[in-house]
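The values are calculated or read from the model by the stated rules, or taken from the named source; none is laboratory data. Keep in mind that this is a model prediction, so the values were computed, not measured. Every residue, glycine among them, receives a Cβ derived from its backbone with ideal geometry; neighbour counts consider all protein chains shown.
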Amino acid sequence: MLIVVKKDKADQVILHQNEIHTFVDKEIVKYKAQKGVACFYKIGERPGIIGEKRIMRFDTKNRKFHVDGTTGKRLYKKGKKRTTTPENNMLVTDVEVKSGYKFRNVPLNQRLKYLLIGKKVYKFRYLDTHDVYEVTFPKYTNKLITDLSEKKFEDYEQK
């Protein structure tokens, strides 16, 4: 159930949890993006506490959702079974890791705040009263990219 709402000049997309991974995959294919950036919060030390802000640069060509088996190619594992839920995490190759285990999970849940794919920006907001995600498309500006790279994405939302 993909709902597109047009307000003023900004579009919004309302998604359920099980639609986020297909939406992200379609956007990557649509814009033929090679690399992406995810701005999200790490899982906190204690339950209910939000962890630190994280920014991860990733390569989109080897992404894998492991949900329907159609996205990307199979990634190599550490030798253990996957412990994260495939619907809520996109397994990608981390660009900043030069050697060792390069595969990381991008959370596709309420911890994800911004996703940059190519020259497109997606802002995710979880609406807990309706149990849906609101995706807006802010304009790609140098100030926005600078603020996101300096981990000021929460501060940027409040302005």
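Residues in the range 62-75: is at least one surrounded by fewer than 13 Cβ atoms within 10 Å (Cβ to Cβ), touching a strand residue (DSSP E or B) at 6+ places or on another chain (Cβ under 9 Å) and modelled with pLDDT under 60? Checked the range 62-75: at least one residue is surrounded by fewer than 13 Cβ atoms within 10 Å (Cβ to Cβ), touching a strand residue (DSSP E or B) at 6+ places or on another chain (Cβ under 9 Å) and modelled with pLDDT under 60. The residues of the range 114-125 that are closer than 16 Å to residue 11 by Cα and either touching a His at 6+ places or on another chain (Cβ under 6 Å) or surrounded by fewer than 16 Cβ atoms within 10 Å (Cβ to Cβ) (or both) amount to a single one, 125. Restricting attention to the range 117-144, the residues that are free of Cβ contacts under 8 Å to residues at least 12 places away in the same chain, in a loop (DSSP other than H, G, I, E, B) and within 22 Å of residue 35 (Cα to Cα) total 1.
A search for C-beta distances below 7 Å between a residue of the range 1-25 that is modelled with pLDDT of 85 or more and part of a strand (DSSP E or B) and any residue that is surrounded by fewer than 17 Cβ atoms within 10 Å (Cβ to Cβ) and among the charged types (D, E, K, R), counting only pairs 6+ apart in sequence or on different chains, returns 12/134; 14/134. Within the range 26-39, restricting attention to residues that are at pLDDT 85 or above and among the basic types (Lys, Arg), which residue is surrounded by the most Cβ atoms within 10 Å (Cβ to Cβ)? Looking at the filtered set, the residue picked out is 35.
How about the range 145-159: which of its residues are over 22 Å from residue 34 (Cβ atoms) and not hydrophobic (A, V, I, L, M, F, W, C)?
So in the range 145-159, the residues over 22 Å from residue 34 (Cβ atoms) come out as 147, 150-159.
Selection gives 147, 150, 151, 152, 154, 155, 156, 157, 158, 159.
Annotation: of all residues in the range 84-102 being of a type in the set (A, V, I, L, M, F, W, C) and not in a strand (DSSP E or B), the one that is nearest to residue 28 (Cα to Cα) is 95.
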